[in-house]
Amino acid sequence: TSEGKFIASSEHTVYEYDEKLDSFLPINFRYGSDPSPPFILSISESSNGSIWIGTKDQGLFIWSREAQAEGDLVLENSLGPKDGNFTTIYAIQFDEDGYGWCSTQSGVMKVGSKGEVLARFSVYDGLQGADFNFGSSFRDSIGRIYFGGSNGYNRFFPQSIEVSR
């Protein structure tokens, strides 16, 4: 993270590296009212220090910097079944302006810092297909974002994408 912490995840658990113990220790998140942990597909840190967790079928969870400082381990679903078809978040990348870009089973979406959907993109907007691949994303040194899917990949400069209603 930007604070020098090393955070990793497995299918159902997020871990933080403890340098003194030379070991990864589980972070015991509670995911809203759901007693079972989600299936984690992606994890990334935003420019404001929040940790975003993309899941299979349960959407997006955000561990804000404030919640981290308070030791609050209850994560609310920021984006999920209530938001339509965007319930599986395969990969997360952030642009230079701090917006999150998420590949899903129904295209790509631009997301604000609190998890609000700002725009949705589909094959009608030029995507390689509707479905993307788990973990298949990259942001290069000039800020271009790549998402891979079953029909190839898309690459774009986030600042050049015009969002209209």
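The values are calculated or read from the model by the stated rules, or taken from the named source; none is laboratory data. Keep in mind that what you see is a predicted model, and the values were worked out from it rather than measured. Cβ placement follows ideal geometry from the backbone for every residue including glycine, while neighbour counts extend to all protein chains displayed. Note: areas computed on protein heavy atoms with side chains; ligands, DNA, RNA excluded. Shrake-Rupley method; radii C 1.70, N 1.55, O 1.52, S 1.80 Å.
Is it the case, given these coordinates, that GLY115 is in contact with a Gly (Cβ under 9 Å, 6 or more places away or on another chain), in contact (Cβ under 8 Å) with a residue 40 or more places away in the chain and not in a strand (DSSP E or B)?
Yes.
Which one is farthest from TYR99 (Cα to Cα), of the residues in the stretch 124-145 that are hydroxyl-bearing (Ser, Thr, Tyr) and free of Cβ contacts under 8 Å to residues at least 40 places away in the same chain?
Per the criteria, the residue is TYR124.
So for the stretch 87-109 (the condition being more than 11 Å from the chain's Cα centre (by Cα), at pLDDT below 90, closer than 18 Å to ILE62 by Cα and not aliphatic (A, V, I, L, M)), does at least one residue qualify?
Yes, the stretch 87-109 has at least one match.
Please indicate, with yes or no, whether at least one residue in the stretch 152-162 is open to solvent by 50 Å² or more (accessible area, probe 1.4 Å), of a type in the set (A, V, I, L, M), touching a Lys or Arg at 6+ places or on another chain (Cβ under 8 Å) and on the phi < 0 side of the Ramachandran plot.
Yes, the conditions are met somewhere in the stretch 152-162.
If ASP95 satisfies every condition in (1) touching an Asp or Glu at 6+ places or on another chain (Cβ under 7 Å); (2) closer than 19 Å to SER137 by Cβ but one, which is the exception?
The single condition ASP95 does not satisfy is (1).
Is it the case that some residue within the stretch 55-63 is exposed (fewer than 15 other Cβ atoms within 10 Å of the Cβ) and touching a residue at least 24 places away in the same chain (Cβ under 8 Å)?
Yes: the stretch 55-63 contains one or more residues that are exposed (fewer than 15 other Cβ atoms within 10 Å of the Cβ) and touching a residue at least 24 places away in the same chain (Cβ under 8 Å).
Could you pull out the residue among SER23, SER33, SER47 that is open to solvent by 30 Å² or more (accessible area, probe 1.4 Å), at pLDDT below 95 and farther than 24 Å from PHE134 by Cα?
Sole residue among the options that is open to solvent by 30 Å² or more (accessible area, probe 1.4 Å), at pLDDT below 95 and farther than 24 Å from PHE134 by Cα: SER33.
For the stretch 77-86: of the residues being open to solvent by less than 60 Å² (accessible area, probe 1.4 Å) and outside any helix (DSSP H, G or I), which is modelled with the lowest pLDDT?
Per the stated criteria, the residue is GLY84.
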